[in-house]
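For reference, the structure discussed in these notes is given below.
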Amino acid sequence: MIALIKKDLYLVGKQAWTLLGIALLFCISPKLESFGSTYAIVLAMTLPLTALTYDERCHWDQYMAMTPCPPKKIVLSKYLFALLLIAAALVITLIVPLARSFVTGDTEFDLAEKLVGSGSIMTMVLLVNALMIPTAYRFGVEKGRLTMMLMFFLAFGIIIGGARVMGGDKMFGWMETMPLATLGVCVLAAVLFLNVVSYFLAVRFYLKRRSGAYD
Amino acid sequence: MESNIVEIKGLSKHYKDFSLENLNLNLPAGCILGLVGENGAGKSTTIRLIMDAIGRDAGTITVFGMDNQSPDFIRLKEDIGVVLDETYVPEIITAKQLGKIMSGTYRHWDQNAYDGWLKKFGLPPDKKFKDYSRGMTMKLGIAAALSHGAKLLLLDEATSGLDPMVRDELLDVFADFAVQDGHAVLLSSHIVSDLEKICDYIAFLHQGKLVLCEEKDVLLDRYGILKCSKEEFGTVPENAVHGVRNGTYGVEALVERDRVRGGLLVERATLEDIILYLSKEDKK
């Protein structure tokens, strides 16, 4: 498993260090912090896809089929790699500004606010991964990317359309009465659950792709 | 008594445009089996089926006595070194990095052996895979396959596209591997001369069907090339002939030596002659 994550790191190494470096530099300055966060999100969202693209191009799945590495581990390594990148992005968007506030004695720094902001974004990235990884195995990386975007827009369309038909208050009013922390935990749990479902789907698609069922 | 390391019985796999039909094949310990056939004959499919990388439609495959669809087969892959027709490694990976990945993949990965093979094959460890020549990529695949204590080597067109010197070097490596106790090699290729050099058994696949599977020496003894006039050819029993080429001045035919009588001169056939004649005969 570690070997597979290592392999993905070899693949995205240069890109990852460049994005990390830029994000880090931006996050050090309070005025440019939002740019830093953007770079961190780009890092967490695009690099798993880059690794999948490399794998697909060289038919890495065919090579791995000849080794004693179980397909479940191969797929799981992709999720863990994506989680690793999310963790790196969180460190940059959360820890760097926190450290800066300690060093500069910035009293206006609000850790809770920052936690909610970064946490929400990273939960969103987790959701994207849950959609992206199985679709990439099912349709290939390029078609998978398009399918994922369509699914995303469709989901938002349903939410916005539903809010218009039912009324925003009826649909989302319950959220206002719920404590923010509880809401956050619920959303995170739902997204994590979706990742678990996504993993099992991804394993299934991976095996079918490897056997040539989608060729 | 020789035990079989690979046993294939009644194996079938169907695709939209290609079918592998009722394949029966054994690979005894200590032997090199050459799987020969034209492009698309089913050689790669057979190797992928042996490794259970694709599902079969019928038949059984056992490797070291274990059904390859049993849950434990994945662990048995530790003992099998595979070189595919291309080395399916991401282009920006280096040989050194591949070694690190494989050391986490195989329990018995031998880094010293891998480094030794890289050195022996003259492969720069820090050069990216995309900058390797075809020969270098195949050598890298072979180096990886030989560095985890495998007892069985499955080589899919491992010598194709390589110059004769490199091919010869690799054939020596495979021959040395096969003579070790309990080892065996399945080498698929359409370069028949390579197979003739090192194989003990030859299996000929043609359009998804096994045309023959025989000891190489038996094949070379059994068949011969008969060159004679059309009149003389008329005296040869029909069941002795396995392929004919009619020329302006006479006939050239692949015949079973034992069945040709009457003082006709039968020359020794090469494996390539046998395969070519039999494939043409099969088309008829």
Any hit, segment A:180-191, residues being free of Cβ contacts under 8 Å to residues at least 60 places away in the same chain, away from every other protein chain (no Cβ under 14 Å) and among the hydroxyl-bearing types (S, T, Y): yes
Subset tally (residues that are of a type in the set (S, T, Y), in contact (Cβ under 8 Å) with a residue 24 or more places away in the chain and assigned to a loop (DSSP other than H, G, I, E, B)) for segment B:217-239: 1
Of all residues making up segment B:14-45, the number that are of a type outside the set (D, E), surrounded by fewer than 22 Cβ atoms within 10 Å (Cβ to Cβ) and under 16 Å from B:L205 (Cβ atoms): 11
Test for B:G224: is it in contact with a strand residue (DSSP E or B) (Cβ under 6 Å, 6 or more places away or on another chain) and outside the structural domain of B:C31 (by TED's automatic domain parsing): yes
Residue among A:V141, A:V187, A:V197, A:V165 that alone is farther than 30 Å from B:D57 by Cβ, β-branched (V, I, T) and surrounded by 13 or more Cβ atoms within 10 Å (Cβ to Cβ): A:V187
Out of B:A158, B:A143, sole residue that is assigned by TED's automatic domain parsing to the domain that holds B:L35 and part of a loop (DSSP other than H, G, I, E, B): B:A158
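Every residue in segment B:52-73 that is under 24 Å from B:Y106 (Cα atoms), in contact with a helix residue (DSSP H, G or I) (Cβ under 9 Å, 6 or more places away or on another chain) and either modelled with pLDDT of 95 or more or more than 10 Å from chain A (Cβ to nearest Cβ) (or both), please.
From segment B:52-73, those under 24 Å from B:Y106 (Cα atoms) are B:52-55, B:61-73; that's our starting set.
Checking the rest, the ones that are also in contact with a helix residue (DSSP H, G or I) (Cβ under 9 Å, 6 or more places away or on another chain) come to B:52-55, B:61, B:63-64, B:66-68, B:70.
Scanning segment B:52-73 gives B:I61, B:V63, B:F64, B:M66, B:D67, B:N68, B:S70.
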Residue list for segment A:7-50, filter: away from chain B (no Cβ under 14 Å) and among the hydroxyl-bearing types (S, T, Y): A:T18, A:S29, A:S34, A:S37, A:T38, A:Y39, A:T46
Residue selected from segment B:177-194 under the condition at pLDDT below 90 and in contact with a Leu (Cβ under 7 Å, 6 or more places away or on another chain), by the criterion nearest to B:T270 (Cα to Cα): B:V192
Hey, A:K73 more than 20 Å from B:M102 (Cβ to Cβ), assigned to a helix (DSSP H, G or I), at the interface with chain B (Cβ under 10 Å from one of its Cβ atoms) and of a type in the set (K, R) or not: no
Those residues of segment B:5-24 which are in contact with a Ser or Thr (Cβ under 8 Å, 6 or more places away or on another chain) and closer than 19 Å to B:K151 by Cβ, in sequence order: B:V6, B:E7, B:I8
Failed condition for B:G104, given (1) farther than 21 Å from B:A175 by Cα; (2) buried (at least 19 other Cβ atoms within 10 Å of the Cβ): (2)
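The values are calculated or read from the model by the stated rules, or taken from the named source; none is laboratory data. Computed from a prediction, not measured in an experiment: that's the story for all the values here. Every residue, glycine among them, receives a Cβ derived from its backbone with ideal geometry; neighbour counts consider all protein chains shown.
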